[in-house]
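Trainee: Questions regarding the structure given below will be posed in turn.
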Amino acid sequence: MSSDSIKIVWVYPDLLSTYGDQGNCIVLERRARLRGISTRTVHVRSDENVPVDGDIYLLGGGEDRPQILAARRLRNDGGLHRAREFGAVIFAVCAGYQLLGTEFGGEEGQPVEGLGLLDIRSGRGEKRAVGEIVGDVDPALNVPRITGFENHQGVTHLGPGVKPLATVVHGVGNGDGTEGAYADHVMGTYMHGPALVRNPGLADLLLRWALKRDELPPLPESWSERLREERLNAVLS
Amino acid sequence: MSDLPLRAQMAVALGRTAAKMSRLAGRGDGSVIGGRIGLKLDPELLARLAKDRKLVLVSATNGKTTTTRLITAAMTPLGEIATNAFGANMPTGHVSALAAALDAEYGVLECDEKYVPMVLKQTEASVVALMNLSRDQMDRAAEIWLLAGKWRKALEAAPNTHVIANCDDPLVTWGASSAKSVTWVAAGQHWREDSWSCPECGGPLDREGTNWECRECSFARPKPAWILHGERVTAPGGRTYELTGLQLPGRANRSNAAIALAVASYFGVEPETALPLMTQVKSVAGRYTTVEHQDRTIRLLLAKNPAGWLEAFDVLQPAPGPVALSINAQVPDGRDTSWLWDVDYRILRGRPVWATGERRLDLAARLEAAEVDFTVVDDIDQAVMAVPPGHLDVIANYTAFQHIRTRYGRVV
């Protein structure tokens with residue numbers, strides 16, 4: 001990987017794309033491009049092999065059935081696992097987050113084997129969590145408070161191999177007061193869809209990880225920051 | 001319908017009174033409250049009102065209200081038609097529509113996608129017309145694969161119901177194909193992001209031209225009886241009809257019209273008769289209406305989800321015609337604006353664009369990322385006054401649309 005170019009792999013948009021998940025690609029491309037970093041994005045459908053030379057892999061949300069299919073095909077394919085061994089960044093939302101774990105709940109709540117890329121285990125909760133979510137991010141990541149929208153019925157238990165991404169300030173998240181999880185450069189969150197839009201700090205963290213840089217030049221204030229501020233005020237006031 | 005049991009007759013009468021009072025109080029057309037009271041008094045009211053009638057249920061993610069209207073227009077030669085013309089598409093609205101036309105032998109009822117199984121069971125409708133399924137506001141709508149599965153079960157259990165369905169939409173085809181008798185209409189599909197996988201087995205769907213088939217199982221596009229190609233419809237037997245006379249614009253409405261022609265023909269109204277009646281429909285519950293205001297001609301387009309936006313873009317005035325966009329996120333709109341990121345706004349580059357509505361900042365962030373030049377304004381008036389006299393297209397989602405409609409005099 002050259003230091004000024006990033007390859008983004010959008011994994012299985014045919015199965016895992018229901019809530020504007022494409023937004024995460026667009027935000028990463030844009031924030032890289034504005035800093036003179038070129039990007040190349042490949043959309044990998046579930047009948048294609050997952051390339052192993054990507055820098056950032058994005059997984060979106062999906063209904064129960066596509067989630068199960070995606071898990072099965074990604075396990076058989078093995079590309080995402082190899083990319084992980086090569087140090088790639090993986091960012092997954094909602095159903096994508098759950099399937100990174102060792103186990104998640106299927107259509108009838110039955111346990112389904114996940115990818116085992118994060119030490120988490122998800123099952124089906126009593127009640128659907130639908131609404132705005134706000135969380136204070138693990139200080140070690142040095143990212144401002146996150147804001148997003150969640151819509152899931154999952155409950156996720158974190159194992160000793162991961163740390164929670166955030167502590168819930170508003171909303172449900174994992175179900176135990178934490179939200180999301182990360183280990184090394186693999187991260188998942190219950191904020192669904194275009195989670196990076198309102199969280200430019202999180203987008204920049206992924207870019208820094210991919211570029212192996214401690215810092216990136218700041219960008220001028222954008223509408224995303226104003227949106228972020230408005231949403232945080234609307235939820236917390 | 002005078003053979004309704006006494007309790008049902010009372011329920012109808014009280015529901016009507018309530019609807020009338022609601023209208024007098026200026027609170028909409030009253031069909032929801034009227035139906036609610038009727039159903040409270042007689043929970044079997046919908047089934048009773050539907051009895052011995054020939055009913056059509058019309059459902060889809062997009063185009064329900066418009067297609068209902070087109071079918072109703074096409075079927076006027078059959079006499080009085082009961083219909084929920086104003087989009088009250090749940091059982092309360094169905095009860096009101098049927099109660100308002102007790103002597104109508106025919107009824108055309110728009111039906112919310114989730115309610116199709118329940119309403120079909122109660123009404124034993126003669127025909128179910130199904131057009132398209134795509135991602136919608138998911139904090140309030142059901143997941144579409146589940147939804148299509150429920151249609152399958154419901155249609156399988158209704159062997160006397162005939163289905164008229166769009167075979168260009170794989171998910172609709174799957175949902176409809178359990179029915180005992182189906183007329184397939186090739187009505188087109190432009191939003192394809194929700195049909196990459198086989199609904200039957202999850203395998204990849206291969207497409208070639210208009211055809212589609214699963215690579216792994218036998219599920220494939222059935223042979224259509226009616227075919228829409230461009231601005232023409234070919235009927236079974238090969239006769240072709242021009243749709244150019246339709247006043248409702250765009251390919252989505254040609255698609256709706258193709259379905260409507262097939263439904264009317266099922267009841268014996270052939271396209272020669274049906275089409276001229278359909279061309280008289282100019283606007284539907286405010287959609288496509290133009291209003292004149294301060295020397296501006298403002299055209300209102302409703303778009304509630306990504307597939308709907310694609311169709312709204314299809315009917316815009318050519319660039320550099322100005323466009324105002326308005327987005328809310330109230331309960332009927334869905335509280336979640338994530339779907340904006342599934343819409344490709346780059347098509348608006350090169351025009352003056354105004355962004356407004358309660359969630360104008362979500363829109364602004366989206367347009368900025370799409371590199372579309374735009375101006376954020378606090379309300380639609382500012383956009384209207386900012387454009388030079390002439391034409392302005394306005395695309396809005398549900399409550400934003402209603403707000404603008406009310407603002408400019410609710411002209412239908």
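The values are calculated or read from the model by the stated rules, or taken from the named source; none is laboratory data. Given the structure is predicted, the values throughout are model-derived calculations rather than measurements. Positions of Cβ are generated from backbone atoms using ideal geometry, with glycine treated the same way; all protein chains shown enter the neighbour counts. Accessible surface is based on the protein model in full, side chains and every heavy atom, while ligands, DNA and RNA are left aside. Shrake-Rupley method; radii C 1.70, N 1.55, O 1.52, S 1.80 Å.
Trainee: Assuming B:Glu200 fulfils every condition listed in (1) acidic (Asp, Glu); (2) over 22 Å from B:Thr61 (Cβ atoms); (3) within 14 Å of chain A (Cβ to nearest Cβ) apart from one, which condition is it?
Mentor: Answer for B:Glu200: the failing condition is (2).
Trainee: Just one of the numbered conditions (1) open to solvent by 30 Å² or more (accessible area, probe 1.4 Å); (2) within 14 Å of chain B (Cβ to nearest Cβ); (3) in contact with a Lys or Arg (Cβ under 7 Å, 6 or more places away or on another chain) is not true of A:Leu227; which one?
Mentor: All conditions pass for A:Leu227, except number (1).
Trainee: Could you check B:Glu358 against (1) open to solvent by 10 Å² or more (accessible area, probe 1.4 Å); (2) outside any helix (DSSP H, G or I); (3) more than 14 Å from chain A (Cβ to nearest Cβ); (4) within 16 Å of B:Lys304 (Cα to Cα) and say which number it fails?
Mentor: The one condition B:Glu358 does not meet is (3).
Trainee: I'm checking my understanding of the structure. Among residues of segment B:282-324 that are touching a Ser or Thr at 6+ places or on another chain (Cβ under 7 Å) and under 20 Å from B:Asp381 (Cα atoms), which one is surrounded by the fewest Cβ atoms within 10 Å (Cβ to Cβ)?
Mentor: Checked segment B:282-324; the qualifying residue surrounded by the fewest Cβ atoms within 10 Å (Cβ to Cβ) is B:Thr297.
Trainee: Looking at (1) under 30 Å from B:Leu6 (Cβ atoms); (2) surrounded by fewer than 24 Cβ atoms within 10 Å (Cβ to Cβ); (3) in contact (Cβ under 8 Å) with a residue 60 or more places away in the chain; (4) not small (Gly, Ala, Ser), which one does B:Val56 not meet, given that it meets all the others?
Mentor: With (1) under 30 Å from B:Leu6 (Cβ atoms); (2) surrounded by fewer than 24 Cβ atoms within 10 Å (Cβ to Cβ); (3) in contact (Cβ under 8 Å) with a residue 60 or more places away in the chain; (4) not small (Gly, Ala, Ser) applied to B:Val56, the lone miss is (2).
Trainee: Something else about it: Restricting to segment B:326-341, count the residues that are more than 19 Å from the chain's Cα centre (by Cα), within 14 Å of chain A (Cβ to nearest Cβ) and outside any loop (DSSP other than H, G, I, E, B).
Mentor: Result for segment B:326-341: 3.
Trainee: Please go through segment B:342-355 and give me each residue that is within 24 Å of the chain's Cα centre (by Cα) and open to solvent by less than 20 Å² (accessible area, probe 1.4 Å), ordered by number.
Mentor: B:Asp342, B:Val343, B:Tyr345
Trainee: So is B:Pro159 over 30 Å from B:Ser338 (Cα atoms) and either of a type outside the set (A, V, I, L, M, F, W, C) or out of contact with any helix residue (DSSP H, G or I) (no Cβ under 8 Å at 6 or more places or on another chain) (or both) or not?
Mentor: yes
Trainee: If a residue must be open to solvent by less than 10 Å² (accessible area, probe 1.4 Å) and free of Cβ contacts under 8 Å to residues at least 40 places away in the same chain, how many such residues does segment B:245-281 contain?
Mentor: 1
Trainee: Could you tell me which numbered condition A:Ser46 fails, if it satisfies all but one of (1) polar (S, T, N, Q); (2) without any contact (Cβ under 8 Å) to a residue 12 or more places away in the chain; (3) within 12 Å of another protein chain (Cβ to nearest Cβ)?
Mentor: (2)
One line per residue, one yes/no per condition, for (1) closer than 25 Å to B:Leu340 by Cβ; (2) open to solvent by less than 10 Å² (accessible area, probe 1.4 Å); (3) in contact with a Pro (Cβ under 6 Å, 6 or more places away or on another chain):
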site: A:Ser5; (1), (2), (3): no, no, no
site: A:Gln22; (1), (2), (3): yes, no, no
site: A:Cys25; (1), (2), (3): yes, yes, no
site: A:Arg30; (1), (2), (3): yes, no, no
site: A:Arg40; (1), (2), (3): yes, no, no
site: A:Asn76; (1), (2), (3): no, no, no
site: A:Leu80; (1), (2), (3): no, yes, no
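Trainee: On to the next question. Can you work out which of the residues in segment A:145-164 that are in contact with a strand residue (DSSP E or B) (Cβ under 7 Å, 6 or more places away or on another chain) and open to solvent by 30 Å² or more (accessible area, probe 1.4 Å) is farthest from A:Thr189 (Cα to Cα)?
Mentor: A:Gly161
Trainee: State the number of residues belonging to segment A:172-224 that are open to solvent by less than 40 Å² (accessible area, probe 1.4 Å), more than 14 Å from every other protein chain (Cβ to nearest Cβ) and under 17 Å from A:Cys25 (Cα atoms).
Mentor: Residues in segment A:172-224 being open to solvent by less than 40 Å² (accessible area, probe 1.4 Å), more than 14 Å from every other protein chain (Cβ to nearest Cβ) and under 17 Å from A:Cys25 (Cα atoms): 12 in total.
Trainee: For B:Asn132, state whether it is surrounded by 21 or more Cβ atoms within 10 Å (Cβ to Cβ), more than 14 Å from chain A (Cβ to nearest Cβ) and out of contact with any Pro (no Cβ under 8 Å at 6 or more places or on another chain).
Mentor: Judged against the criteria, B:Asn132 is a match.
Trainee: For segment B:373-407: of the residues being buried (at least 20 other Cβ atoms within 10 Å of the Cβ) and not in a helix (DSSP H, G or I), which is nearest to the chain's Cα centre (by Cα)?
Mentor: It comes out as B:Asn397.
Trainee: Could you please let me know if B:Lys150 is within 14 Å of chain A (Cβ to nearest Cβ), assigned to a helix (DSSP H, G or I), touching a residue at least 24 places away in the same chain (Cβ under 8 Å) and open to solvent by 10 Å² or more (accessible area, probe 1.4 Å)?
Mentor: Yes.
Trainee: On the basis of being assigned to a strand (DSSP E or B), out of contact with any Cys (no Cβ under 6 Å at 6 or more places or on another chain) and either over 28 Å from A:Ile8 (Cα atoms) or not acidic (Asp, Glu) (or both), does A:Ala181 make the cut?
Mentor: yes
Trainee: Which helices (runs of 4 or more DSSP H) sit wholly inside segment A:57-150 and have at least 3 residues that are away from chain B (no Cβ under 14 Å)?
Mentor: A:79-85, A:95-100
Trainee: Checking B:Cys167 against (1) facing another protein chain (nearest Cβ under 10 Å); (2) in contact with a Lys or Arg (Cβ under 7 Å, 6 or more places away or on another chain), which test does it fail?
Mentor: (1)
Trainee: If we keep just the residues of segment B:361-382 that are charged (D, E, K, R) and farther than 14 Å from B:Ser338 by Cβ, which is nearest to the other protein chains (Cβ to nearest Cβ)?
Mentor: B:Glu368
Trainee: Could you check B:Thr72 against (1) more than 30 Å from B:Ser197 (Cβ to Cβ); (2) open to solvent by less than 10 Å² (accessible area, probe 1.4 Å) and say which number it fails?
Mentor: Failed condition: (2).
Trainee: Tell me, yes or no, whether segment B:293-300 has at least one residue that is in a loop (DSSP other than H, G, I, E, B) and touching a residue at least 24 places away in the same chain (Cβ under 8 Å).
Mentor: Yes; the residues of segment B:293-300 include at least one that is in a loop (DSSP other than H, G, I, E, B) and touching a residue at least 24 places away in the same chain (Cβ under 8 Å).
Trainee: Scanning segment A:11-32 for residues that are farther than 18 Å from A:Asn199 by Cβ and touching a strand residue (DSSP E or B) at 6+ places or on another chain (Cβ under 7 Å), which turns out farthest from the other protein chains (Cβ to nearest Cβ)?
Mentor: If we take residues in segment A:11-32 being farther than 18 Å from A:Asn199 by Cβ and touching a strand residue (DSSP E or B) at 6+ places or on another chain (Cβ under 7 Å), then A:Val11 is farthest from the other protein chains (Cβ to nearest Cβ).
Trainee: Can you name the residue in segment A:83-134 that is at pLDDT below 95 and of a type in the set (Asp, Glu) and, of all such residues, is farthest from A:Trp10 (Cα to Cα)?
Mentor: Applying the filter and picking the extreme gives A:Glu126.
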